[in-house]
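One structure is given below, encoded as structure tokens.
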Amino acid sequence: MLLRLGISRWAACRLSTSAATSTAHVPKVCIVGSGPAGFYAAQQIIKSHEAAEVDIYEKLPVPFGLVRYGVAPDHPEVKNCINTFTQTASKNRVTFLGNIDIGSDVTFSQLRQAYHAIILAYGNAKDRKLDIPGEELSGVLSARQFVGWYNGLPEDADLKVNLDVESVAVVGQGNVALDVARILLTPMDMLRKTDIPENVLACLDKSQVKYVTLIGRRGPQNVAFTIKELREMVNLPGCRPNLIAGDYQHLKDLIPSLPRPRKRLLELLAKTALDTPAPALASAWASAQKEWRLRFLLSPVEVLAGADGQTVSGLKLAHNRLEGDGDNQRAVQTEETESLECGLILRSIGYKGVPIDSSLPFDHRTGTIANDNGRVKGHNGVYVSGWIGTGPVGVILSTMTSGFTSGKMLVADINSGQVDVSSARGGKEEVLDILSKKDKKPVTFSDWNRLDKFETEIGAKLGKPREKVTNIQKMIDISHD
Ligand SMILES: Cc1cc2nc3c(=O)[nH]c(=O)nc-3n(C[C@H](O)[C@H](O)[C@H](O)COP(=O)(O)OP(=O)(O)OC[C@H]3O[C@@H](n4cnc5c(N)ncnc54)[C@H](O)[C@@H]3O)c2cc1C
């Protein structure tokens, strides 16, 4: 009958005012977190379901997660996914509610009451520690904090970073490690064109850093960075690689049997370490004042303090040997050690998630919410998307796949009746009621547009894409103006 009238079941129930007129209500879905995992899941849900309403809750007063606060400022093209997220946010079935911390302003069980289904997409807010003596010294920072600092993340905006040092050790050899090394070594005229905040640029401008050493537990065949990032380092103006040829000789035998992306990466690494560079590159490297280094088969065992007992003077490293083959190969520490002189240590050994509610099955070892391919174990109608479900692996593209998969799964569960939508839910109205009792006002997407405009206008005057506002209250005030 509904079909004959040209009105779908969902449109009909949107028109209905009580449960008595229909067995199904408009599905009310909420997403916790507005990074790629949240936005891609929202996009999928509204594409796959013609009536579902999606509310996205975000802790910060701004959207986009690590696209705004993680992706390197000198990689603006990576941030183009923001255009897609903005389109999603402009759909009338999608509502962005920033400045709402789930677990604190609103509890998970309150969301359970207010919504038929929930997608947890709140990423990884912490990072792994080295757990070695001296790690608490002021010259040891996590790469996560350092990234937050140069990206204007409010909690790290005032981080004390001492760049009055010649040598920096970065523990880790993934893309984040390469990002922080590159930002430390890139010429100022290039950095000034990015959206790095002015106070950070001022600090980088005075930097005395000349040498950045990236330390890995295993060998060059195990590096976790990708070819684009390596190529940028090889060609970085004013900077040369300093690679120990002996570390790379064995790669020549290994490379032919590797799958293509790995093969190309290791070919470039071996070429950089072993071959004579083309004349132009050779002369650029010869005149370079700065240097990046890769060191392998080393595990940090102690941070060495300077004479004042507060600052860092070096990092004690144990030599490792490899045991096992292929993917099972692991680094085993030996008794032999060496010391690397450095004044700043950046720990880049992985981000990790934190629990937001004790009822959710949280795996503290991996820092993830336990799930079966996106479905949260023991919680019907609750899903994960992105890094909170997978851990800090993959890039925006893989996070997109995760978001799409969770979104599709949720809609399939609604359609199959696995997620019960037979009773009405209060959705955002119910949550806004809770918030108003706490005097908490969310930042909407049009509020964000106001801050976005403010930042880009200030940025234009400074010859950069934007100047981020880094104080939470100021961000809220401008948004609500
Ligand atoms: C330093 C760095 C550089 C990167 N560079 C690239 C790159 O160049 N290219 C690329 O493809 N990928 C890059 N990535 C990977 C990419 O950023 C991730 O794949 C992606 O951001 C993961 O998305 P997510 O939504 O799971 O997490 P996030 O992007 O972290 O989003 C999670 C969101 O949830 C919010 N949140 C947290 N807790 C709560 C709460 N309690 N209540 C409400 N909201 C909450 C957070 O504020 C955040 O906005 C980079 C990652 C890092 C760390």
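Entry remark, the stretch 142-166: residues being over 19 Å from Lys79 (Cβ atoms), open to solvent by 20 Å² or more (accessible area, probe 1.4 Å) and in contact with an Asp or Glu (Cβ under 8 Å, 6 or more places away or on another chain) number 1 in total. Please find, among Ile458, Ile414, Ile476, the residue that is free of Cβ contacts under 8 Å to residues at least 12 places away in the same chain and of a type outside the set (Ser, Thr, Tyr). From the options Ile458, Ile414, Ile476, the qualifying one is Ile458.
Restricting the stretch 281-329 to residues that are hydroxyl-bearing (Ser, Thr, Tyr) and in contact (Cβ under 8 Å) with a residue 60 or more places away in the chain, which is nearest to Ser348 (Cα to Cα)? Of everything passing the filter in the stretch 281-329, Ser299 is nearest to Ser348 (Cα to Cα).
Checking the stated criteria, Glu58 turns out to be out of contact with any helix residue (DSSP H, G or I) (no Cβ under 6 Å at 6 or more places or on another chain) and not basic (Lys, Arg). The residues of the stretch 243-261 that are surrounded by 15 or more Cβ atoms within 10 Å (Cβ to Cβ) and not hydrophobic (A, V, I, L, M, F, W, C), listed by number, are Asp247, Tyr248.
Got a sec? Which helices (runs of 4 or more DSSP H) wholly within the stretch 236-347 have at least 2 residues that are within 30 Å of the chain's Cα centre (by Cα) and of a type in the set (D, E, K, R)?
260-274
Criterion applied to Lys438, Lys408 was being within 16 Å of the ligand (Cβ to nearest atom), charged (D, E, K, R) and under 30 Å from Lys352 (Cβ atoms), and the one residue passing it is Lys438.
Among the residues making up the stretch 362-419, those that are surrounded by 20 or more Cβ atoms within 10 Å (Cβ to Cβ) and in a strand (DSSP E or B) are Thr368, Ile369, Asn371, Val376, Val382, Tyr383, Val384.
Of the residues contained in the stretch 335-352, one or more are found to be over 23 Å from Pro133 (Cβ atoms), in contact with an Asp or Glu (Cβ under 9 Å, 6 or more places away or on another chain) and surrounded by 16 or more Cβ atoms within 10 Å (Cβ to Cβ).
Are any of the residues in the stretch 173-186 among the acidic types (Asp, Glu) and not assigned by TED's automatic domain parsing to the domain that holds Leu297? No, that holds for no residue. Take the stretch 90-125 and flag every residue that is in a helix (DSSP H, G or I) and within 13 Å of the ligand (Cβ to nearest atom). Selection gives Phe108, Gln110, Leu111. Within the stretch 182-198, the set of residues being in contact with a Phe, Trp or Tyr (Cβ under 7 Å, 6 or more places away or on another chain) and more than 12 Å from the ligand (Cβ to nearest atom) comprises Leu185, Ile196. Could we say that Lys428 is basic (Lys, Arg), assigned to a helix (DSSP H, G or I), within 16 Å of the ligand (Cβ to nearest atom) and open to solvent by less than 60 Å² (accessible area, probe 1.4 Å) here? The answer is yes for Lys428. The number of residues in the stretch 46-68 being more than 15 Å from the ligand (Cβ to nearest atom) and open to solvent by less than 10 Å² (accessible area, probe 1.4 Å) comes to 3.
To keep it simple, each residue is scored yes or no on (1) assigned to a helix (DSSP H, G or I); (2) open to solvent by 80 Å² or more (accessible area, probe 1.4 Å); (3) of a type in the set (A, V, I, L, M).
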residue	(1), (2), (3)
Ser436	yes, no, no
Lys440	no, no, no
Lys453	yes, yes, no
Lys461	yes, yes, no
Glu467	no, no, no
Asp477	yes, yes, no
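The values are calculated or read from the model by the stated rules, or taken from the named source; none is laboratory data. Since this is a predicted model, take the numbers as computed values, not measurements. Methodologically, a virtual Cβ is constructed for each residue, glycine included, from the backbone with ideal geometry; neighbour enumeration extends over all protein chains shown. These area figures cover heavy atoms from the full protein model, side chains too; ligands, DNA and RNA do not enter into them. Shrake-Rupley method; radii C 1.70, N 1.55, O 1.52, S 1.80 Å.
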